[in-house]
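Some notes on the structure that comes next.
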Amino acid sequence: MKMIICYGDSNTFGYNPANSKKFDDGIYWTSVLQAKLGNDYKIINEGVCDRMGFVDNPKGFEYSARLHFPKFIEEVSNFDIFILWLGTNDLQFQNNISLEVIENGLRNLINLSKVKAKSIILIPPVLLDERVLTGTFNFQFNKTSIIRSKEAQSIYEQIARDENLIYFDLNKFVKPCDIDGLHYDKNGHKLIGECLADCINKIDM
């Protein structure tokens with residue numbers, strides 16, 4: 001059985017923007033991915049709401065990948081595919097994050113994951129637009145957040161090329177919901193899971 005670890009934030013966790021709870025099993029994208037790939041694969045969902053990738057979250061250890069991930073990757077056994085989708089929460093305006101911090105932080109996580117994973121799929125942050133300024137989380141994001149989200153896309157793509165990773169840019173085919181401009185509805189999760197399954201089925205393992 002092949003093991004896939006999905007490490008990310010609320011969008012990996014399966015956050016439902018309509019009620020702030022978790023989508024039911026079979027709705028959030030990691031469970032869609034499991035259903036599509038079948039019993040030959042085991043999908044591990046390591047998504048945590050509010051997790052940041054490159055700056056420390058005051059909420060604590062598990063919410064700060066910069067601190068949590070080194071210990072996590074040290075303790076986990078070798079696995080087949082690693083899906084990394086982090087960086088959106090780092091764009092909150094109070095972090096005032098620089099492109100250099102994004103790049104260095106992402107390269108560090110990738111280097112750590114290469115020790116255990118045979119293949120790595122890198123997903124860039126949500127491509128923010130004006131909807132985030134009027135949505136549920138408008139107290140955390142501003143116009144600079146939107147600009148940074150666009151600038152970050154090229155960093156992720158370049159690192160994927162540099163490190164020979166699979167770059168999965170879901171921003172090209174799915175957009176977050178209008179409720180908050182950050183999270184996806186059930187149709188979005190379905191599309192993400194199905195497209196990732198197609199991507200994984202093409203990996204030569």
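The values are calculated or read from the model by the stated rules, or taken from the named source; none is laboratory data. Keep in mind that what you see is a predicted model, and the values were worked out from it rather than measured. Backbone-built Cβ (ideal geometry, glycine too); neighbour counts: all protein chains shown. Remember, those area values only see protein heavy atoms, side chains included, never the ligands or the DNA or RNA. Shrake-Rupley method; radii C 1.70, N 1.55, O 1.52, S 1.80 Å.
If you go through the range 138-150 one residue at a time, do you hit one that is within 26 Å of residue 36 (Cα to Cα), among the polar types (S, T, N, Q) and either crowded, with 18+ Cβ neighbours inside 10 Å or modelled with pLDDT of 95 or more (or both)? No, there is no match, as no residue in the range 138-150 is within 26 Å of residue 36 (Cα to Cα), among the polar types (S, T, N, Q) and either crowded, with 18+ Cβ neighbours inside 10 Å or modelled with pLDDT of 95 or more (or both). For residue 52, the conditions (1) out of contact with any strand residue (DSSP E or B) (no Cβ under 7 Å at 6 or more places or on another chain); (2) open to solvent by less than 10 Å² (accessible area, probe 1.4 Å) are fulfilled apart from (1). Checked against (1) in contact with a helix residue (DSSP H, G or I) (Cβ under 6 Å, 6 or more places away or on another chain); (2) buried (at least 19 other Cβ atoms within 10 Å of the Cβ), residue 93 meets all criteria but (2). With respect to residue 82, determine if the residue is farther than 22 Å from residue 21 by Cα, surrounded by 18 or more Cβ atoms within 10 Å (Cβ to Cβ) and under 17 Å from the mean Cα position of the chain (by Cα). Judged against the criteria, residue 82 is a match. On the stretch given as the range 175-194, residues that are in a helix (DSSP H, G or I), open to solvent by 40 Å² or more (accessible area, probe 1.4 Å) and touching a residue at least 24 places away in the same chain (Cβ under 8 Å) total 3. For residue 7, the criteria (1) under 18 Å from residue 180 (Cα atoms); (2) hydroxyl-bearing (Ser, Thr, Tyr); (3) in contact with a strand residue (DSSP E or B) (Cβ under 6 Å, 6 or more places away or on another chain) hold in every case but one, which is (1).
Taking the criterion of being free of Cβ contacts under 8 Å to residues at least 24 places away in the same chain and charged (D, E, K, R), the residues of the range 69-108 that qualify are 71, 74, 75, 100.
Could you tell me which residue of the range 125-136 is farthest from the chain's Cα centre (by Cα), considering only residues that are open to solvent by less than 40 Å² (accessible area, probe 1.4 Å) and within 25 Å of residue 155 (Cα to Cα)? Show your work before the answer.
Just the residues of the range 125-136 that are open to solvent by less than 40 Å² (accessible area, probe 1.4 Å), to begin with: 125-126, 128, 132, 135.
If we keep only those that are within 25 Å of residue 155 (Cα to Cα) too, we end up with 125-126, 128, 132.
Working: 125: 7, 126: 8, 128: 14, 132: 18 Å.
Among residues in the range 125-136 that are open to solvent by less than 40 Å² (accessible area, probe 1.4 Å) and within 25 Å of residue 155 (Cα to Cα), the one farthest from the chain's Cα centre (by Cα) is 132.
Considered as a group, the residues in the range 153-174 that are open to solvent by 70 Å² or more (accessible area, probe 1.4 Å) and in a loop (DSSP other than H, G, I, E, B) include one that is farthest from residue 204 (Cα to Cα), and that residue is 173. Candidates 150, 114, 143: the one that is basic (Lys, Arg) and either touching a residue at least 24 places away in the same chain (Cβ under 8 Å) or out of contact with any Leu (no Cβ under 8 Å at 6 or more places or on another chain) (or both) is 114.
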